[in-house]
Amino acid sequence: MHVLITAVGHRTEHWTDLFGLLAERPDLTLTVAVADVSAQTDQTLRALARTHPGLHYRHLPHLLGETRTGHMASVLFRPDSLRRAVPHRPDVLHVIGEAAYLSTWQALRLRRRCWPAVPTTLYAAQNIVMRFPAPFPRLERRAFGAVTHAFPITPAALGVLRAKGYQGPATLVPLGVDLARFSPAPTPPGNRPFTVGFVGRLEPHKGVGDLVRAVELADADLLVVGRGSLSAEVARAAAARPGRVRLHDWADHEQLPDLLRRMDVLVLPSVEVVQRNVLPWVGIPLREQFGRVLVEAMACGVPVVGSEVGEIPYIIGPAGLTFPAGNVPALAQRLARLRHDTSLHGRLRERGLQRAAEFGWHRAADTMCEVWRRLLRQSDGRDGTPDRPRPPAMANTSGPEAERTVGQ
């Protein structure tokens, strides 16, 4: 089975783990076509293509980029670059990008013109019903009519799809974690100061300023991993509390597990903001769509605390603590509680390990391949091409109108 996957945008690093797992399957061939991705993503995918003969990587030129417009919806493949990158008909097209994205429109247009019977699946993460300006709503409606099966990452994302008019089948496939890489330290940490951690972009909607103040109130140490417009604010906090606030530059997946293991608790203190850097008169709410670092921390045996924003409470489930977004004293109280209640800290550590196991990338890969094979069996022979060899029959996990959660 040959699967063509398209993806755009700078924040695509997490998909490389899934691509690596898929490329290890002997019955699967991947063509991954991307544009405007980060240098880290490009480097990782090039390395995967060198070590996995079944993965073909295409880094395509683009016309509009996320840096220029401020949103991944505007990223455009250069005309005809996607068609030239895939000379042979794929068995399945999988689009990583929301239905309204210009790159999604391009991928679906290529499929309609060249391979009209190829089953198409679509990733979906939006957890707010956003109304984009023209022409995006029209492109979104067309995409909903063309997609064969949707893969929303959370129940809220599924709800947005339904609210916007998508009526086709869907299967919940959360973002995952590499459980082999993100795992607890082999030996318990020695005697060290109680350390609160943060990993992510240092931007206002991540609540970094709230975290800095709450950690000081709780009289704890702080390890911040990331970069962004608030890097200077964290640096000032480090200067004011020498040795107790540390700022580490952005870390890749090879470095991140060790940094997480240096933390006694990881905090994701996001707040909801309205983004206006695409068109000044169009406000786009930013609300945490998943919080993947929560799962990575739990997989490393680190308890988590998160604000009650977006999908953070859903991802944490019973495995951590939450607090009202923007409430600094409440966050400081949660941190102090974890610092002094070692029994609670231990219980949340064990619950976190169990919760993280539900989000392993292998589960997502299994479910996606299962859906792809079923769609392929259903489409065989419909476009006049010879039937392909059929893979062994698999259990039908989601019928035409069924919806199923992976990792729940």
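The values are calculated or read from the model by the stated rules, or taken from the named source; none is laboratory data. No experiment lies behind these values; they were computed from the predicted model shown. A quick note on method: Cβ atoms are made from the backbone with ideal geometry, for glycine too, and the neighbour counts reach across all protein chains shown.
Go through region 69-81 residue by residue and tally those that are of a type in the set (S, T, Y) and at pLDDT below 70.
Looking only at region 69-81, we keep the residues that are of a type in the set (S, T, Y), and these are 69, 74, 81.
If we keep only those that are at pLDDT below 70 too, we end up with 69.
Qualifying residue count for the region: 1.
Here is a list of conditions, (1) touching a residue at least 40 places away in the same chain (Cβ under 8 Å); (2) of a type in the set (G, A, S); (3) not in a loop (DSSP other than H, G, I, E, B), and A117 meets all of them except one; can you say which number that is?
(3)
Here's the yes/no breakdown for (1) under 26 Å from E370 (Cβ atoms); (2) modelled with pLDDT of 95 or more; (3) buried (at least 21 other Cβ atoms within 10 Å of the Cβ); (4) not β-branched (V, I, T):
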position: P26; (1), (2), (3), (4): yes, no, no, yes
position: V37; (1), (2), (3), (4): no, no, yes, no
position: L60; (1), (2), (3), (4): no, yes, no, yes
position: L64; (1), (2), (3), (4): no, no, no, yes
position: T67; (1), (2), (3), (4): no, no, no, no
position: R83; (1), (2), (3), (4): no, no, no, yes
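Could you list, in sequence order, all residues of region 126-168 that are among the small types (G, A, S) and more than 21 Å from E370 (Cβ to Cβ)? Spell out how you get there, then give the answer.
Narrowing region 126-168 to residues among the small types (G, A, S): 134, 143, 145-146, 150, 156-157, 159, 163, 165, 168.
Of everything in region 126-168, those that are among the small types (G, A, S) and more than 21 Å from E370 (Cβ to Cβ) turn out to be A134, A143, G145, A146, A156, G159, A163, G165.
If you take the residues of region 124-165 that are modelled with pLDDT of 95 or more and aromatic (F, W, Y), which of them is nearest to V92 (Cα to Cα)?
That would be F151.
Go through (1) at positive phi; (2) within 22 Å of the chain's Cα centre (by Cα) and name the single condition A163 misses.
(1)
Which one of L376, L344, L353 is under 29 Å from T121 (Cα atoms), among the aliphatic types (A, V, I, L, M) and surrounded by fewer than 20 Cβ atoms within 10 Å (Cβ to Cβ)? Lay out the reasoning, then the answer.
On the way: L344 fails: under 29 Å from T121 (Cα atoms); L353 fails: under 29 Å from T121 (Cα atoms).
One residue alone meets the criteria, L376.
Output the residues belonging to region 162-190 that are assigned to a helix (DSSP H, G or I) and touching a residue at least 60 places away in the same chain (Cβ under 8 Å).
To start, the set of residues in region 162-190 that are assigned to a helix (DSSP H, G or I) comprises 162-164.
Scanning region 162-190 gives a single hit, K164.
Looking at the structure I just gave you, is T6 in the same structural domain as V95 (by TED's automatic domain parsing), assigned to a loop (DSSP other than H, G, I, E, B) and of a type in the set (S, T, N, Q)?
Numbers: in the same structural domain as V95 (by TED's automatic domain parsing): yes; assigned to a loop (DSSP other than H, G, I, E, B): no; of a type in the set (S, T, N, Q): yes.
When the stated conditions are applied, T6 does not pass them.
When you look at R339, is it of a type in the set (K, R), over 27 Å from the mean Cα position of the chain (by Cα) and either surrounded by 15 or more Cβ atoms within 10 Å (Cβ to Cβ) or outside the structural domain of T121 (by TED's automatic domain parsing) (or both), yes or no?
Working: of a type in the set (K, R): yes; over 27 Å from the mean Cα position of the chain (by Cα): yes; either surrounded by 15 or more Cβ atoms within 10 Å (Cβ to Cβ) or outside the structural domain of T121 (by TED's automatic domain parsing) (or both): yes.
Against the criterion (of a type in the set (K, R), over 27 Å from the mean Cα position of the chain (by Cα) and either surrounded by 15 or more Cβ atoms within 10 Å (Cβ to Cβ) or outside the structural domain of T121 (by TED's automatic domain parsing) (or both)), R339 qualifies.
Give me the pairs: first residue in region 232-243 and over 10 Å from D221 (Cα atoms), second residue in a helix (DSSP H, G or I), beta-carbon distance under 6 Å, and six or more apart or on different chains, which are they?
Listed pairs, sorted by first residue: A237/V212.
Quick one: M130 ticks every box in (1) farther than 30 Å from L230 by Cα; (2) under 20 Å from the mean Cα position of the chain (by Cα) bar one, so which box is it?
Failing condition for M130: (1).
Could you check, for region 94-104, whether at least one of its residues is in a loop (DSSP other than H, G, I, E, B), farther than 19 Å from S379 by Cα and touching an Asp or Glu at 6+ places or on another chain (Cβ under 6 Å)?
The initial filter retains those residues of region 94-104 that are in a loop (DSSP other than H, G, I, E, B), namely 97-101.
Filter again for farther than 19 Å from S379 by Cα, leaving 97-101.
Filter once more, keeping what is touching an Asp or Glu at 6+ places or on another chain (Cβ under 6 Å): 99-100.
Yes: region 94-104 contains one or more residues that are in a loop (DSSP other than H, G, I, E, B), farther than 19 Å from S379 by Cα and touching an Asp or Glu at 6+ places or on another chain (Cβ under 6 Å).
Criterion first (among the small types (G, A, S), farther than 30 Å from D17 by Cα and in contact with a Ser or Thr (Cβ under 8 Å, 6 or more places away or on another chain)) does A232 satisfy it?
Considered against the rule, which asks whether it is among the small types (G, A, S), farther than 30 Å from D17 by Cα and in contact with a Ser or Thr (Cβ under 8 Å, 6 or more places away or on another chain), A232 comes out as no.
Quick one: which of H345, H362 is touching a helix residue (DSSP H, G or I) at 6+ places or on another chain (Cβ under 9 Å), of a type outside the set (G, A, S) and modelled with pLDDT under 95?
Working: H345 fails: modelled with pLDDT under 95.
Selected residue: H362, the only one of H345, H362 that is touching a helix residue (DSSP H, G or I) at 6+ places or on another chain (Cβ under 9 Å), of a type outside the set (G, A, S) and modelled with pLDDT under 95.
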